[in-house]
Amino acid sequence: MNVPDRNTLKQTLKQRRQNLAEKFSDKALFWSGCAPSRNFPANTFPFRASSHFLYFAELPLKNAAIELDNGKLTLFMDNPSPESILWGGQKPSRDKIAEEIGADAAYPVSDLANYNASAATIAVPNPITYQQQCEYLQREIPEPSQAQGKDLDLIQAVIGLRLSHDESAIAQIRQAAGVSMEAHQTGMKATAPGKTEAEIRAAMESVIMAHNQTCAYGSIVTVHGEVLHNEAYHHTLQSGELVLADVGAESPGGWVSDITRTWPVNGQFSATQRELYDLVLAAHDACIEAVAPGVEYQDIHWKAAAVITEGLVELGILQGNVSDLLANDAHALFFPHGVGHLLGLDVHDMEDLGDLAGYAPGRQRSRRFGLGNLRLDRALQIGMTVTIEPGFYQVPTILNDPETREQYQNMINWERLAQFSDVRGIRIEDDVLVTGDGAEVLTSSLPCECKTIEEIVNARQI
Ligand code: GLY
Ligand code: MN
């Protein structure tokens with residue numbers, strides 16, 4: 001399906017409201033949020049509407065709220081002021097917006113002051129808007145993870161809707177995935193010794209901007225792939241290093257993609273890099289192969305752990321029996337995060353709700369090293385989009401920790417590991433839609449085999 005036109009979208013929004021009404025019969029209020037000011041009111045931090053608001057209204061409206069009441073939609077939003085038109089240009093009126101999103105009624109925001117404060121809501125992770133929520137509803141709105149009563153019922157109803165995506169959502173995730181794949185190809189072709197991480201990031205993000213999309217999260221573009229969420233871009237790329245780029249685009253409606261690729265700066269993986277890269281790729285492929293409705297995502301995580309452990313034993317880095325190594329979390333020394341997460345209107349979709357969305361009712365995060373970073377522990381269902389992103393990292397704070405070295409002294413061959421010192425971090429991440437008969441990899445047009453990655457890097461024009 002192509003990205004939906006306005007009428008189709010209006011129908012989709014109506015359907016989503018009806019779906020909510022079937023799960024939640026009370027009134028619900030969702031706030032869009034605001035753009036906090038940096039130093040004076042018109043100089044703001046970038047605005048991103050709350051994802052729950054976007055799900056039901058699609059438009060990234062600032063300072064707006066919607067009430068959903070048994071499928072009926074009421075918009076609360078102010079008309080643009082003359083001052084805002086002077087500086088920001090003409091904007092659609094409240095009535096025009098109401099018509100676009102299919103609202104049944106529309107009022108100024110100040111009308112929320114006379115509002116029957118009995119509605120349920122979900123706290124927005126923005127202190128200014130959160131304050132407004134509490135003031136208008138005349139009560140302390142709980143953090144989502146502490147919600148009770150009707151707020152918790154609303155959260156559960158929204159999770160029930162947002163776990164599986166409708167056609168319109170999937171079309172927009174595809175749109176974001178397409179742009180993200182192009183950005184990665186551009187990043188690979190922009191890579192060469194002597195360039196900086198910042199230059200590669202700029203090349204990648206310029207593709208996203210040129211498509212009038214935004215970054216779905218802070219881009220990770222680094223030769224220090226062992227820093228899982230690296231935010232520094234100052235290193236100069238050296239021949240022999242690997243670039244790890246975790247960069248994803250967000251469609252105008254807020255639907256996102258999340259892709260990671262790892263490639264050699266000089267266009268050729270060393271023998272040691274290739275061995276570990278192929279191991280991570282084997283884990284990636286095995287996990288994707290396992291994705292299907294009804295499959296437990298935690299089992300997919302353990303599949304990645306098992307493939308990595310077996311491979312590290314074959315390479316002589318780990319030593320011992322694979323089951324014992326897994327039971328001792330030896331794999332987590334090199335793969336300390338979960339195999340992926342939900343994807344939708346956010347990267348790590350619905351993590352503003354704590355673990356309420358990621359973990360099935362009655363389940364809690366493990367305290368085990370590595371497994372405690374698993375963000376999704378549910379049975380997969382048709383229409384879910386998840387990432388599959390195994391990795392191998394040499395994180396100094398883990399591997400140099402005296403207690404760790406003591407505990408794992410018989411499980412790790414440190415001399416053998418030292419031969420792989422040209423690998424700091426490798427991650428391969430794709431976006432996978434759960435379908436009726438298995439899975440569709442939405443980002444499969446972006447290659448991940450060593451040879452093809454090398455060919456793309458070597459196609460650079462510099
Ligand atoms: N793209 C960053 C992450 O998945 O955590
Ligand atoms: Mn991810």
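Readers should treat all values here as calculations from the given coordinates under stated rules, not as data from a laboratory. Keep in mind it's a predicted model, so treat the numbers as computed, not measured. Positions of Cβ are generated from backbone atoms using ideal geometry, with glycine treated the same way; all protein chains shown enter the neighbour counts.
Return yes or no: is HIS348 within 16 Å of ligand 1 (Cβ to nearest atom), surrounded by fewer than 23 Cβ atoms within 10 Å (Cβ to Cβ) and without any contact (Cβ under 8 Å) to a residue 60 or more places away in the chain?
Working: within 16 Å of ligand 1 (Cβ to nearest atom): yes; surrounded by fewer than 23 Cβ atoms within 10 Å (Cβ to Cβ): yes; without any contact (Cβ under 8 Å) to a residue 60 or more places away in the chain: yes.
Spelling it out, HIS348 is indeed within 16 Å of ligand 1 (Cβ to nearest atom), surrounded by fewer than 23 Cβ atoms within 10 Å (Cβ to Cβ) and without any contact (Cβ under 8 Å) to a residue 60 or more places away in the chain.
Return the only residue of GLY225, GLY218, GLY254, GLY267 being under 21 Å from ILE170 (Cβ atoms) and either assigned to a loop (DSSP other than H, G, I, E, B) or touching a residue at least 12 places away in the same chain (Cβ under 8 Å) (or both). Steps first, please.
Numbers: GLY225 fails: under 21 Å from ILE170 (Cβ atoms); GLY218 fails: under 21 Å from ILE170 (Cβ atoms); GLY267 fails: under 21 Å from ILE170 (Cβ atoms).
One residue alone meets the criteria, GLY254.
Anything in the range 338-365 that is within 16 Å of ligand 2 (Cβ to nearest atom), assigned to a loop (DSSP other than H, G, I, E, B) and of a type in the set (Asp, Glu)? List them, or say none.
Within the range 338-365, ASP346, ASP349 qualify.
Check every one of the helices (runs of 4 or more DSSP H) wholly within the range 366-456 and list those with 3 or more residues that are within 16 Å of ligand 1 (Cβ to nearest atom) and polar (S, T, N, Q). Outline the logic, then answer.
On the way: elements: 396-399, 402-407, 414-418.
The helices (runs of 4 or more DSSP H) meeting that bar number zero.
Could you look through the range 209-236, keep only residues that are crowded, with 22+ Cβ neighbours inside 10 Å and farther than 15 Å from ARG261 by Cα, and pick out the one that is farthest from ligand 2 (Cβ to nearest atom)?
GLN213
Tell me which residues, restricted to the range 421-436, are in contact with a strand residue (DSSP E or B) (Cβ under 9 Å, 6 or more places away or on another chain) and surrounded by fewer than 18 Cβ atoms within 10 Å (Cβ to Cβ).
Taking the range 421-436 and keeping what is in contact with a strand residue (DSSP E or B) (Cβ under 9 Å, 6 or more places away or on another chain), we get 422-434.
Correct list: ASP422 only.
Going by what's in this entry, would ALA379 be described as more than 16 Å from ligand 2 (Cβ to nearest atom), of a type in the set (A, V, I, L, M) and in contact (Cβ under 8 Å) with a residue 24 or more places away in the chain? Give the derivation first.
Working: more than 16 Å from ligand 2 (Cβ to nearest atom): yes; of a type in the set (A, V, I, L, M): yes; in contact (Cβ under 8 Å) with a residue 24 or more places away in the chain: yes.
Answer is yes for this residue.
In the range 28-78, what count of residues is obtained for those that are within 12 Å of ALA103 (Cβ to Cβ) and in a strand (DSSP E or B)?
Selection size over the range 28-78: 10.
Hey, among the residues in the range 325-337 that are of a type in the set (Gly, Ala, Ser) and either assigned to a strand (DSSP E or B) or surrounded by fewer than 24 Cβ atoms within 10 Å (Cβ to Cβ) (or both), which one's nearest to ligand 2 (Cβ to nearest atom)?
The initial filter retains those residues of the range 325-337 that are of a type in the set (Gly, Ala, Ser), namely 327, 330, 332.
In the following step, the residues that additionally are either assigned to a strand (DSSP E or B) or surrounded by fewer than 24 Cβ atoms within 10 Å (Cβ to Cβ) (or both) were identified as 327, 332.
Values: ALA327: 27, ALA332: 17 Å.
My answer is ALA332.
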